[in-house]
1. In terms of modelled amide H atoms, which long-range or inter-chain residues lie less than 5 Å from the amide H of Thr79?
2. For the range 215-254, compute Rg over Rh where Rg is the Cα radius of gyration and Rh is the Kirkwood radius from the inverse mean 1/r over Cα pairs.
3. Give me the compactness ratio for the range 41-154, meaning the Cα radius of gyration over 2.2 N^0.38 Å.
4. Could you tell me how far the Cα centroid of the range 54-75 sits from the Cα centroid of the range 104-182, in Å?
5. Per q in 0.11 Å⁻¹, report the Debye log10 I(q)/I(0) for the range 45-229, using one uniform scatterer on each alpha carbon and no solvent.
6. Using a simple charge model, +1 on the beta-carbon of Lys and Arg, -1 on the beta-carbon of Asp and Glu, nothing else, what dipole does the range 45-229 show about its Cα centre, in debye to the nearest 20?
7. Can you flag which of Lys44/Lys222; Lys118/Lys180; Lys44/Lys180; Lys116/Lys180 are past 26 Å Cα-Cα?
8. Treating the Cα atoms of the range 144-190 as identical point scatterers in vacuum, please give the log10 of the normalised Debye intensity I(q)/I(0) at q = 0.15, 0.26 Å⁻¹, two decimals.
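What follows draws every value from the coordinates through simple rules; no lab data is involved. Please read these numbers as outputs of a predicted model, since none were measured by experiment. Here the Cβ is made from the backbone with ideal geometry for all residues, glycine too, and neighbour counts use every protein chain on show.
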Amino acid sequence: MEKADAMSRRDALKMLGAVAIGSALGIKGAQAAEIPSRKQEEKKAMKVILVNGSPHKKGCTFTALSEVAATLNKHKIETEIFWIGNDIQGGCIACDFCRKNARCFRPDSVNSFVEKAKLSDGFIFGSPVHYAAPSGSMLSFMIRAFFSTGGSDVFTNKPAASVVSCRRAGSTGALDTMNKFYPINGMPMVPSQYWNMVHGNRPEEVRQDLEGLQIMRTLAEKMAWMLQNIAAGRLAQLPAPTKEAPVRTNFIRS
Ligand SMILES: Cc1cc2nc3c(=O)[nH]c(=O)nc-3n(C[C@H](O)[C@H](O)[C@H](O)COP(=O)(O)O)c2cc1C
């Protein structure tokens, strides 16, 4: 599952008829064939990283993420399940080390994830529910991964979604917290058919949650569809959204 046949952007172009998109955008066939970055784009496989924020490397969260990954693989999208591990060292201490060094000072898995994220096209962040919230390690991981890349384009315009696993309740609270990270980082959120949760204390129980597994597969279908559309748009030279210089107005005025 780590590596599947890669769907190239050429495949996406064929599937989605980007030539037609190009002509709709006023780009003629011959002109479109001369887009300088096209060759590069066609060769690059699409990839989704699925982050497992559980203390269990192969537990319930992994089981849910595996269902998402298997469906993405069917669309020839590469996947990697990235386990954050059990040595997450703590939260952000607002030291601003990352502002000067473009990485978090803590030597745990955050920085290695960010390096992989630079080459990834989409993200699924998964966590067990701990007291109606994401696991403490996952929350620390996400805060530091996003804060340490603030101002860069590591995550911008790349689709993302959250997935949670719980025994019984607190799933929507955990999802709410995790879902706050994407819009503030310019990431389109991928939908499914319901909120992205599975139920179980052990992987065997999650495998019995047929509705939960279907939600995971639907999420993957929508992720694949969004990635293929983004790739086709890029090939058709549809410009990325323009970005204004940030304006920051705090509520307290001097
Ligand atoms: C510290 C802790 C807190 C938990 N809190 C909740 C909770 O609030 N609601 C719930 O339904 N399950 C809760 N659980 C159970 C886990 O969410 C559930 O077993 C989950 O599916 C485990 O996923 P994993 O195997 O990926 O770690 C908690 C488990 C632990 C260890």
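1. The answer is Ala4, Val48.
2. Across the range 215-254, the Cα-based Rg/Rh ratio is 1.32.
3. Relative to the rule-of-thumb radius for its length, the range 41-154 sits at 1.10.
4. 15 Å
5. Normalising to I(0) and taking log10 leaves -0.42.
6. Numbers: 20 positive and 15 negative charges, 46 e Å.
I would put it at about 220 debye.
7. With Cα atoms farther than 26 Å apart: Lys44/Lys180.
8. At q = 0.15, 0.26 Å⁻¹ the computed log10 ratios are -0.43, -0.94.
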